[in-house]
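The values are calculated or read from the model by the stated rules, or taken from the named source; none is laboratory data. Here the structure is a predicted model, which means the values were calculated and not measured. Here the Cβ positions follow ideal geometry from the backbone for every residue, glycine too, while neighbour counts run over all protein chains shown.
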Amino acid sequence: MGLLSFRLLIIFFLSVIIARAPLGDAWGKEGHIMACKIAEPYLTEKTLKAVEDLLPEVAAGELSTMCPWADQVRFRYRWASPLHYINTPEVCNYKYSRDCHNSKGEQGMCVAGAINNYTNQLYSYGDPSNQYNLTESLMFLAHFVGDIHQPLHVGFEDDEGGNTIVVHWYRRKTNLHHVWDSSMIQTAMRDYYNNDLDTMVEGIKLNITSGWPDDVETWQSCGNKRATCANDYAEESIQLACDYAYKDAEQGSTLGDDYFFTRLPIVKKRIAQAGLRLASILNRIFDSGNNKEIQSY
Ligand SMILES: [Zn+2]
């Protein structure tokens, strides 16, 4: 075998390993797809047109297919790693000026900053002088609105949002962050939704119209003129992290039915909120604030 083909073989194996490496740092793929599927029916016609125009061809016009993308490019876009989360100094509140930065201290390099930044970039859609890759801006935005709603994406710096807290999810060894990213969603899909993502999405949609109807109106309201309300979403997440995620989950804990039954409603609600708020943000950008009514389902 020539040196070149040997090198190619090594590169091939490395890429297989990288492609199969677990992505421990975001709502799992399912959570992101679900949030975006919930957003889709709330997009106005004008917004949908812009979104379809910006999506890459492989998406076939469906936003949800591209929502896990930002995790898939984590190895290529290392600079974007801190944009998936926020760390607080072991306190149950969030402050933009204190917490929204990367490890070098650069301000705005956190998930709340990223949501505002990509929203801002997308406002230049249709402007021929714009310098941004708006396809990527859209895919980042759709992903990060999901991430900021995962309570442990706004967690303590010390345990990396639960990543260093080793627990058992029923019998399986994992970490607390992963329980919130994936395990609870996967267990719920298996136990209640026939292992089918769309069935779980339908279940969450039903809650939007009949389970939480009073709350739902307030989820979408955002008084900020142009920036999003990402700071509010981060504040909600750190509080949920303290009240539900970290509570009763210590190093070495076994988490089972008690934890699952009391936390699953939070997971579903956060996915619903992420979806509705993503739709509002996109409608504000592409259809100047024209929001579809909740009842339109
Ligand atoms: Zn992420």
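One table, with the values for the structure above:
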{"read-out": "Tally of residues being within 14 Å of Cys100 (Cα to Cα) and touching a residue at least 24 places away in the same chain (Cβ under 8 Å) across region 219-236", "value": "5"}
{"read-out": "Region 96-122, residues that are exposed (fewer than 14 other Cβ atoms within 10 Å of the Cβ) and either under 29 Å from Thr47 (Cβ atoms) or within 15 Å of the ligand (Cβ to nearest atom) (or both)", "value": "none"}
{"read-out": "Answer from Ala241, Ala249, Ala234, Ala274 - the residue that is under 14 Å from Glu40 (Cα atoms) and at pLDDT 95 or above", "value": "Ala274"}
{"read-out": "Selection count where residues are over 20 Å from Ala39 (Cβ atoms) and either touching a Phe, Trp or Tyr at 6+ places or on another chain (Cβ under 6 Å) or not aromatic (Phe, Trp, Tyr) (or both), scope region 232-264", "value": "23"}
{"read-out": "Residue within region 44-62 that is surrounded by 13 or more Cβ atoms within 10 Å (Cβ to Cβ), within 16 Å of the ligand (Cβ to nearest atom), in contact (Cβ under 8 Å) with a residue 40 or more places away in the chain and charged (D, E, K, R) present", "value": "no"}
{"read-out": "Any hit, region 119-138, residues being in contact with a Gly (Cβ under 7 Å, 6 or more places away or on another chain) and not β-branched (Val, Ile, Thr)", "value": "no"}
{"read-out": "In region 78-95, residue nearest to the ligand (Cβ to nearest atom) [restricted to those that are buried (at least 22 other Cβ atoms within 10 Å of the Cβ) and part of a loop (DSSP other than H, G, I, E, B)]", "value": "Tyr85"}
{"read-out": "Which listed residue, of Leu278, Leu264, is within 18 Å of Ala114 (Cβ to Cβ) and among the aliphatic types (A, V, I, L, M)", "value": "Leu278"}
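For every residue, the table says whether it meets (1) farther than 19 Å from Thr187 by Cα; (2) part of a helix (DSSP H, G or I).
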residue	(1), (2)
Trp219	yes, yes
Ala227	yes, no
Asp232	yes, yes
Leu240	yes, yes
Gly252	yes, no
Phe261	no, yes
Arg270	no, yes
Leu278	yes, yes
Asn283	yes, yes
